[in-house]
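One structure is given below, encoded as structure tokens.
The values are calculated or read from the model by the stated rules, or taken from the named source; none is laboratory data. Quick caveat, the model's predicted, so the values are computed rather than measured. FYI the Cβ positions are ideal-geometry reconstructions off the backbone, even for glycines, and counts take in every protein chain you see.
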Amino acid sequence: MKLMKFAAASALAMTVAGGALAKTDITLAMQLEPPHLDPTSAAAGAIDSVLYSNVFEGLTRFAEDGSIQPGLARSWEISDDGLTYTFTLAEGVTFHDGTAMDSEDVKFSLDRARAEDSANAQKALFDSIASVEAVDAQTVKLTLSEPNGSMLFNLAWGDAVIVAPESIENIKQQPVGTGAFTFEDWVQGDSITLKRNEDYWGEAPALEEVNFKFISDPTAGFAAMMAEDVDVFAGYPAPENIPQFEADPRFQVIVGNTEGETILSTNNKMSPFDNVKVRRAMAHAIDRQAIIDGAMFGLGTPIGTHFAPHHPDYVDLTGMSDYDPEKARALLAEAGFEDGFETTLKLPPPSYARRGGEIIAAQLREVGIETEISNLEWAQWLEQVFKGKDYGLTIVSHTEPFDIGIYARPDYYFQYDSAEFQEMNAALSAESDPEKRSALLEDMQRLIAEDAVNGYLFQLAIPTIAKAGVRGLWENAPTQANDMTGVYWEE
Amino acid sequence: MRASRNLWLGGLLTAVFSLAAVISFAWVPYDVTKLDIGAKLLSPSWAHPLGTDHFGRDILSMIMVGARTSIAVAIVAVGIGMALGVPLGLAAAARKGSLLDEVIMRGNDLIFAFPSLLIAIMITAVFGASAVNAIIAIGIFNIPVFARLVRGAALSLWTRDFVLAARVSGKGPVRISAEHILPNVTNLLIVQGTIQFSLGILAEAALSYVGLGAQPPLPSWGRMLADAQTMFSFKPHLAIFPGLAILLTVLGLNLMGDGLRDLLDPRLRRAQR
Amino acid sequence: MLRFVLGRLVSLTLSLFVASVVIFLFVEVVPGDPAAYMLGLNAQEDTLEALREQLGLSGTLWERYSSWILGMLQGDFGTSYTYRTPVAEMIADRMWISLPLALYALALSTLIAFPAGIWAASKRGSLVDTGIMGLTQLGVAIPNFWFAMLMVLIFAINLRWFSAGGFAGWEAGFWPAMKSLTLPAIALALPQASILARVMRSSLLDTLGEDYIRTARAKGLTRAQALWRHALRNALIPVLTIIGLQFSFLIAGGIIIENVFYLPGLGRMIFQSIAARDLIVVESVVMLLVFAVILVNFAVDIAYAVVDPRLRVRA
């Protein structure tokens, strides 16, 4: 393997010393700091950004392109009725504390995640599991209560990683996993250090040490990058600075796509948004390109429905809601709002929401809709908007992969209640034929676009800024992760 | 004389920004609620003397309208401080040494003991970020300033002959405070009010800089700076002009305060010189 | 004297009690459920309930208040909801940045203000005086976060003399750590130095006008000699008061500056904790800061009373 050779060569160079030896440590900055280090009991994506695939591994895992690859389970068999999954685990895997990883650990991890008192943020992923059985040390059998086409996908999530029962007490401070890196140190408010796991069961990574540094302020991030205090900034928060990095030969800019559909969420139960004409009017009042240019400085792909454009089943429906203020005014008049109306626009902290919100407010004002903007912290947003449904409009990026199913939940915060859609979604879950699934998915995308449930703005892009010599970084973000196992320096 | 020079320069700066705020009600070069993404981040030119921001809005117009926000927030906050602080200070002085005096002065100490910016952040976190809550947060910290000032000045007035004469003629403490004490502390109030006004402008800028002041689309100087954060490294004009606006307004008010003190309160002149 | 101290002690305790109640109630009404924040968009109600139970968020208001206060009295500040580590430890960690930063800023401010104030006072009315007073006017009027931005632009991005932020850590050595605190300390110190220089100057001019200085000058001392030998010592009392008050301000006032330079200090911790609804951290840190300020005020009062017996009867 090229990578192995490289690692060996660098190790050799280290002993010989001097000359042009490649660096074996890296400092990667990201915006958010994990609140603690247990990926199985919090939604905070920052936990996965540090630990996923580096420290913790699951039975399956996401590859960079979003496909599902074998993880700790090297192979599996699925019974014909789709109710039994038999996984064969990799051999010779040990946790970082030296204990062996076997089927009992898998059973423990999955049972813990789906238990009554589980604090798992994505508990629904495990809903269809009826029982987990450790057949022998290397074999685990999952029995489902109903067929679930996305089981392997669900098991790849960071919330489904395998943890050691012995370490569970202190997992929030001392995470013990099976990955290629071990947890070394956490300076709260500043950084987390990982060290190479010399006993790793898989292919050894090139890097010996990885520093995750947390820089929430975009300005500070820019300055740290320019001063070369950090080597990589994953998810660089200020797209306006990208031209400066592109112009600077010291850096490379990688723009990848994410699973984040950025939408103008609309409270479908609230008047006047319960009127489909009003929602359609808003869809025509919004100039997506202006939002992408103004809020994201050109980064992002316009979307016309709640689906990721890089997904094979995506349908481009942006034409259904083209920018046409005249039409928007006409639709509003038809709905009985010639003079417009007033509503609230509640914005969470990310800049796509804050800046996008100001632009949308100006665009809606053009057709007579006045919005009262309030900027909220995430906790307030969750309380007021997500839980309390006390809002007219909000902007948020839905970063969970493949989440069109949320439109089948009438109690979800945008309160879309369509029997037709719910039937389609039920049919989709039971359907395993790829072609029929595609057809169903297309209909679902079309339906929510026709009903203009939400304003569909753009697919969030993720810019990564790196020193010119860094190789092997993930370009796209199929899940929140910074997989460092394949990263190396090239001189 | 330096006193009048301070007053002149301070008055001039204050007048410029007040005038800008007043004019902005009737006319601004460009509508600040209209965005023009195509004209974003333009450097200063004849069409846009101070350039445009990241949404293509004219920065001169935004500074004019922003002056309105800053001045309004600061004036109302100082007003709250005076409206509550002055009666409290008068009452404490009239009942010197009483329980009321002790409670008022301890209450003042208590408010002083709270880190003001932190409390302002907490207030806006509880009640939501808005200009009104920023006013309340800043106003609260103005109360003890005026209460202390008035109490101190009133205490010495209470020993003066004309107050004694009023007491002998049978006037109650409330009437004496209103008719004899208050008129004699107005000069002090004007001077301190000017200083508090400038501190209010700074506080408003800091609050809206951290996103807790006036909300968009209403422009505010602090938020213009916050918005410029990531862009001033390649477009310095975005940060320089709003920052200068704050600096010059605060400077103007401080100079004017000094000048007024020299003019209105001859007793203080010696201390200052 | 003893009665005076006792009286002040009683009111100190009372102030602390009132402050604790105010802070507790304030933090309690902050909307936002910490459990919901931690579990995010797809959390189910039963999961949330389980977490709330784990965090000890389910007792009555009174139970929570008393356990918080009793714990604090024993030095136990509770456990952070988000980090799951003792708050006391977190505060101690952050203290190692905020405290040195405040001391550094205080030292800078004093080092700038003393010579500037003395110089201006000794050359009263001259161009030097006017220049220094003009600069202090600017220093008071400049928003410190804007000043910090300008310094980053010049010294970090263009000249690259300093890193634009972050903390090197004390384990990296004394000088690298101090270097990373330098720009923040300057930004914090500038307004304080300006205020201090003005106080220094006017206090000096005050004492220079006193009778004993006139006497000293009549005896043949020059103005400068009178200033150095007699006026300076007496002028220091108000200056030291201001320094005392500024210190507590600097500890708390670092909130914005710590954010501009992303220093992991107390101020940043408060900001992050408010955003994450980590109420117990917010409560404890604010309480600690208020305690510090009240204590400094108390010490200043006592010191005054010692120096000037007239003040023992509260004027």
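General remarks:
- Complete set of residues in the range A:44-76 that are crowded, with 24+ Cβ neighbours inside 10 Å, of a type in the set (A, V, I, L, M, F, W, C) and within 20 Å of A:Ala308 (Cβ to Cβ): A:Phe62
- As a summary of the residue check, A:Glu259 satisfies the conditions (1) of a type outside the set (Gly, Ala, Ser); (2) within 14 Å of chain C (Cβ to nearest Cβ); (3) under 26 Å from B:Gly211 (Cβ atoms); (4) surrounded by 19 or more Cβ atoms within 10 Å (Cβ to Cβ) except for the one numbered (3).
- The range A:241-294: number of residues that are outside the structural domain of A:Thr318 (by TED's automatic domain parsing) and in a helix (DSSP H, G or I): 6
- The lone exception for A:Ile373 - which of (1) over 30 Å from A:Ala63 (Cβ atoms); (2) surrounded by fewer than 18 Cβ atoms within 10 Å (Cβ to Cβ) it fails: (2)
- Meets criteria (at pLDDT 75 or above and away from chain A (no Cβ under 14 Å)) for C:Val239: yes
- Boolean, C:Thr207 is crowded, with 16+ Cβ neighbours inside 10 Å and either modelled with pLDDT of 85 or more or more than 27 Å from C:Met151 (Cβ to Cβ) (or both): yes
- Each residue in the range C:261-290 was checked for being within 7 Å of another protein chain (Cβ to nearest Cβ) and either in a helix (DSSP H, G or I) or under 14 Å from C:Pro100 (Cα atoms) (or both), and 9 of them qualify.
- Between B:Arg167, B:Arg160, B:Arg175, B:Arg151, the distinction of being within 14 Å of chain C (Cβ to nearest Cβ) and basic (Lys, Arg) belongs to B:Arg151 only.
- For the residues B:Phe146, B:Phe141, B:Phe127, B:Phe114, the requirement of being aromatic (Phe, Trp, Tyr), crowded, with 19+ Cβ neighbours inside 10 Å and facing chain C (nearest Cβ under 10 Å) singles out B:Phe114.
- Failed item, numbered, when A:Ala11 is tested on (1) at pLDDT 85 or above; (2) small (Gly, Ala, Ser); (3) closer than 30 Å to A:Ser167 by Cβ; (4) surrounded by fewer than 16 Cβ atoms within 10 Å (Cβ to Cβ): (1)
Yes or no, residue by residue, for (1) in a helix (DSSP H, G or I); (2) closer than 19 Å to B:Leu238 by Cα:
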residue	(1), (2)
B:Ser4	yes, no
B:Leu12	yes, no
B:Ala15	yes, no
B:Val22	yes, no
B:Tyr30	no, yes
B:Lys34	no, yes
B:Gly66	yes, yes
B:Ser70	yes, yes
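- So B:Thr249, is it more than 14 Å from chain A (Cβ to nearest Cβ), assigned to a helix (DSSP H, G or I), among the polar types (S, T, N, Q) and in contact (Cβ under 8 Å) with a residue 40 or more places away in the chain: yes
- Checked against the criterion of being among the aliphatic types (A, V, I, L, M), over 16 Å from A:Ser41 (Cα atoms) and touching a residue at least 24 places away in the same chain (Cβ under 8 Å), the range A:104-123 contains one or more residues that satisfy it.
- Subset tally (residues that are within 13 Å of chain C (Cβ to nearest Cβ), under 17 Å from A:Met270 (Cβ atoms) and in contact (Cβ under 8 Å) with a residue 12 or more places away in the chain) for the range A:388-410: 2
- Residue within the range C:121-133 that is assigned by TED's automatic domain parsing to the domain that holds C:Ala224, under 20 Å from C:Leu99 (Cα atoms) and not acidic (Asp, Glu) present: no
- Residue in the range A:219-240 that is in a helix (DSSP H, G or I) and in contact with a Leu (Cβ under 7 Å, 6 or more places away or on another chain) present: yes
- Close pairs from the range A:328-346: first farther than 13 Å from A:Tyr391 by Cβ, partner of a type in the set (Val, Ile, Thr) and surrounded by fewer than 17 Cβ atoms within 10 Å (Cβ to Cβ), Cβ under 9 Å, at least 6 apart: A:Ala335/A:Val276
- Qualifying residue in the range A:139-155 (condition: over 23 Å from A:Gln69 (Cβ atoms) and surrounded by 20 or more Cβ atoms within 10 Å (Cβ to Cβ)): no
- Considering the range A:372-387, and only residues there that are acidic (Asp, Glu) and within 11 Å of chain C (Cβ to nearest Cβ), the residue that is farthest from A:Gly256 (Cα to Cα) turns out to be A:Glu383.
- Residues of the range C:68-103 satisfying the condition of being farther than 18 Å from C:Gly265 by Cα, under 23 Å from the mean Cα position of the chain (by Cα) and crowded, with 19+ Cβ neighbours inside 10 Å: C:Met72
- The requirement of being within 22 Å of the chain's Cα centre (by Cα) and part of a helix (DSSP H, G or I) is fulfilled somewhere in the range A:125-148, by at least one residue.
- Long-range neighbours under 9 Å by Cβ, at least six apart or interchain, first residue within 7 Å of chain A (Cβ to nearest Cβ) within the range C:160-175, second surrounded by 12 or more Cβ atoms within 10 Å (Cβ to Cβ) and of a type in the set (Lys, Arg): C:Ser163/C:Lys179; C:Gly166/A:Lys213
- Looking across the range C:121-141, the residues that are in a helix (DSSP H, G or I) and more than 8 Å from chain B (Cβ to nearest Cβ) come down to C:Ala121, C:Ser122, C:Leu127, C:Val128, C:Asp129, C:Gly131, C:Ile132, C:Met133, C:Gly134, C:Leu135, C:Thr136, C:Gly139.
- Exclusive hit being free of Cβ contacts under 8 Å to residues at least 12 places away in the same chain and over 17 Å from the mean Cα position of the chain (by Cα), set B:Leu99, B:Leu50, B:Leu60: B:Leu99
- Hits in the range A:242-253 (condition: touching a residue at least 24 places away in the same chain (Cβ under 8 Å) and touching a Ser or Thr at 6+ places or on another chain (Cβ under 8 Å)): A:Val253
- The range A:422-468, residues that are over 12 Å from A:Gly149 (Cβ atoms), small (Gly, Ala, Ser) and either buried (at least 16 other Cβ atoms within 10 Å of the Cβ) or touching a residue at least 40 places away in the same chain (Cβ under 8 Å) (or both): A:Ser438, A:Ala449, A:Ala452, A:Gly455, A:Ala461, A:Ala466, A:Ala468
- Residue selected from the range A:183-201 under the condition without any contact (Cβ under 8 Å) to a residue 24 or more places away in the chain and in a loop (DSSP other than H, G, I, E, B), by the criterion nearest to A:Thr485 (Cα to Cα): A:Tyr200
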